[in-house]
Amino acid sequence: MPAVSGLLAEGLRRLGSAAEARTLLGHAAGVEPSRLALLTEVADDAAGAYATLLERRAAGEPVQYLTGLAWFRTVEVAVAPGVFIPRPETEVMTGWAIDRLVGLPGEPVVVELCAGSGAISAAIAAERPGCRQYAVELSTAACRLAERNLAGTGVALAEGDMADAFPDLDGTVDLVIANPPYIPLEAWEHVAADVRTHEPELALFSGADGLDALKVVARVAARLLRPGGWVCAEHAEVQSESVVGVFAGAGAFTQVADHTDYNDRPRYVTAVRATKLAG
Ligand SMILES: C[S@@+](CC[C@H](N)C(=O)[O-])C[C@H]1O[C@@H](n2cnc3c(N)ncnc32)[C@H](O)[C@@H]1O
């Protein structure tokens, strides 16, 4: 039976990442990566499965698609090819939203637009239980996965276009959160080849300047939120000024502010629904 140390050394050599090698060997051997240190050897079939995973990872497949799992804040979610992999950048915005909700009494109403795998909604349900939560997603593949990830959380998931989502909630929602597609189509060639090849276009690109979906988020948030309710929406690091402009120009928000992510890069806009609409 092959030695764990040799397999990990081979993984590091192939991938240049000890963490990825451990994740893939743990997955192949059916043990938590942290428990590999307790093993000296793995079975031949696990070593064979690991060799295949190394091959696929070296060819550019994201680790999360290979293991079928991703961590997002306090929750582990299922991921699959065809569905966007939740990113660490989004954890900071989600934390901002959870902080607002923790400060509200009772059963705040929360809507997530562009839910993907459902990671944001799952984290909110775990970290601020007792909200009345809704989520909408356009892609059927993502919806099927979000159904799994949100099972037992009470989040009401709708498959469809965010533009028309939840008209019954108009004017009643406490917080709207969204990580929409925001990469400009013209930036296609600057997107990492692994991302372009493996993650769905619907999750990544949104019009020539990347702002199409964010404009819809601003419109839908203005419709759904009660006066004083919050919206937060993720954007690309170069879109800080333009996205603040979208929300400030919507005639529906006050306190429009931009925030940074873990790497101190501009990453999400927040705003408060005004009591009176401009114009
Ligand atoms: C960047 S991904 C974010 C997914 C998830 N919220 C996350 O952070 O991991 C954007 C998601 O928006 C979805 N989407 C794109 N256009 C949409 C629309 N008009 N209405 C609802 N969802 C949409 C995509 O299918 C994709 O799942």
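The values are calculated or read from the model by the stated rules, or taken from the named source; none is laboratory data. From a predicted model like this one, the values you see are computed outputs, not experimental measurements. Positions of Cβ are generated from backbone atoms using ideal geometry, with glycine treated the same way; all protein chains shown enter the neighbour counts.
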Q | segment 164-180: number of residues that are of a type in the set (D, E, K, R), within 15 Å of the ligand (Cβ to nearest atom) and in a strand (DSSP E or B) | A | 0
Q.
Give all pairs with beta carbons closer than 6 Å in which a residue from segment 195-212 that is touching a residue at least 12 places away in the same chain (Cβ under 8 Å) meets a residue that is near the ligand (Cβ under 7 Å from one of its atoms); count only pairs at least 6 apart in sequence or on separate chains.
A. E199/F84; L202/S139; A203/F84; A203/P181; L204/P181; F205/P181; S206/P181; S206/A213
Q. Is it the case that some residue within segment 143-156 is modelled with pLDDT of 95 or more, of a type in the set (D, E) and either touching a Ser or Thr at 6+ places or on another chain (Cβ under 8 Å) or not in a helix (DSSP H, G or I) (or both)?
A. no
Q.
Condition first: among the aromatic types (F, W, Y) and either in contact (Cβ under 8 Å) with a residue 40 or more places away in the chain or in a loop (DSSP other than H, G, I, E, B) (or both). Now tell me which residues in segment 55-106 satisfy that.
A. Y65, F72, F84, W96
(Q) Going through E112, E127, E107 one at a time, which residue ends up being in contact with a helix residue (DSSP H, G or I) (Cβ under 9 Å, 6 or more places away or on another chain) and over 23 Å from P200 (Cβ atoms)? (A) E127
Q | Of all residues in segment 106-133 being more than 8 Å from the ligand (Cβ to nearest atom) and of a type in the set (D, E), the one that is surrounded by the most Cβ atoms within 10 Å (Cβ to Cβ) | A | E127
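Is it the case that L12 is of a type in the set (A, V, I, L, M, F, W, C), buried (at least 19 other Cβ atoms within 10 Å of the Cβ) and either out of contact with any strand residue (DSSP E or B) (no Cβ under 9 Å at 6 or more places or on another chain) or under 30 Å from T260 (Cβ atoms) (or both)? First the steps, then the outcome.
On the way: of a type in the set (A, V, I, L, M, F, W, C): yes; buried (at least 19 other Cβ atoms within 10 Å of the Cβ): no; either out of contact with any strand residue (DSSP E or B) (no Cβ under 9 Å at 6 or more places or on another chain) or under 30 Å from T260 (Cβ atoms) (or both): yes.
Spelling it out, it is not the case that L12 is of a type in the set (A, V, I, L, M, F, W, C), buried (at least 19 other Cβ atoms within 10 Å of the Cβ) and either out of contact with any strand residue (DSSP E or B) (no Cβ under 9 Å at 6 or more places or on another chain) or under 30 Å from T260 (Cβ atoms) (or both).
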Q) Of the residues that make up segment 210-232, is at least one touching a strand residue (DSSP E or B) at 6+ places or on another chain (Cβ under 7 Å), part of a loop (DSSP other than H, G, I, E, B) and at pLDDT 95 or above? A) yes
Q: Those residues that are crowded, with 20+ Cβ neighbours inside 10 Å, out of contact with any Gly (no Cβ under 9 Å at 6 or more places or on another chain) and either of a type in the set (S, T, Y) or assigned to a helix (DSSP H, G or I) (or both), I need them from segment 181-209; list them, please.
A: S206
Q: Show the residue pairs that are 6+ apart or on different chains and have beta-carbon atoms under 8 Å apart, the first residue being within segment 134-159 and outside the structural domain of D174 (by TED's automatic domain parsing), the second being surrounded by 23 or more Cβ atoms within 10 Å (Cβ to Cβ).
A: none
